[in-house]
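Everything on this sheet refers to the single structure shown next.
Coordinate-derived values only; no laboratory data. The shown structure was predicted, so the numbers you read here are calculated from the model rather than taken from an experiment. Here the Cβ positions follow ideal geometry from the backbone for every residue, glycine too, while neighbour counts run over all protein chains shown.
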Amino acid sequence: MHLNLPHVYVELLDTDDQPVKPGEPGKIVVTDLNNHGMPLIRYRVEDMGVYSEKSCPCGRGFPMLERLEGRVADFLKLPDGGQVAGISLVERTLTRVPGVEQMQLVQDRLDRVSVNRVRGSDFTEETDALLISAMREVFDERVALEVVDVSRIPQEPSGKYRFSICKV
Ligand SMILES: [Zn+2]
């Protein structure tokens, strides 16, 4: 994915609005250089992207995006300013912890994350403890973790199922 710099200036910013390094996800902020009727200046598209360290063999020489990483609101925040993609955390946890049918992470404060989970057929008394310890590999003791027993994870109006929701 080339960034077509003569037409659009693209910034990838961290939670302090500073540029991220290649390989790290950042909020995509766009300045449209060609649109005189309705210019967009540092417009936040609310998606996350990652700079590529590679250059394209086609020879245009523009920087490239490695990938898009989903919506800004789908990233959870760490107390030290880092960010975690909820989708990869949920996918990794579901493959390692038996007994969970579905789960969704909701961060309503910087120091609190709720783990909403639907019990699976192989749910045991150990499942929730395993869930918490899997989360602890990412969130240290400054973040309170709580498992919430739910019967289903509601879909968004679009029909999509969100793996994580950040409200801070
Ligand atoms: Zn190319």
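How far is helix 127-136 tilted, in degrees, relative to the longest principal axis of the Cα atoms in the chain, given as a value from 0 to 90 rounded to the nearest 10?
40 degrees
Work the Kirkwood hydrodynamic radius out for segment 78-166: mean of 1/r over every pair of different alpha-carbon atoms, inverted, in Å.
13.3 Å
May I ask you to derive the relative contact order of segment 8-72, considering only C-alpha pairs under 8 Å and at least 6 residues apart, and to give it as an integer percent?
28 percent
To the nearest 10 degrees, how steeply does helix 86-96 sit against the main Cα axis of the chain, on a 0 to 90 scale?
40 degrees
Between residue 132 and residue 111, take the C-beta separation as r, use R0 = 22 Å, and let me know the FRET efficiency to the nearest 0.05.
Result of the calculation: an efficiency of 0.90.
Return the tail of the calculated pair distribution for the chain, meaning the percent of Cα-Cα pairs more than 18 Å apart. All intermediate terms of the calculation are to be shown ahead of the outcome.
Details: 9128 of 14028 pairs.
Everything past 18 Å amounts to 65 percent.
Among the trypsin sites (Lys or Arg not before Pro) in segment 1-105, which ones are in a DSSP loop with at most 14 other Cβ atoms within 10 Å of the Cβ? Mind listing them?
Qualifying residues, ordered by number: 42, 54, 60.
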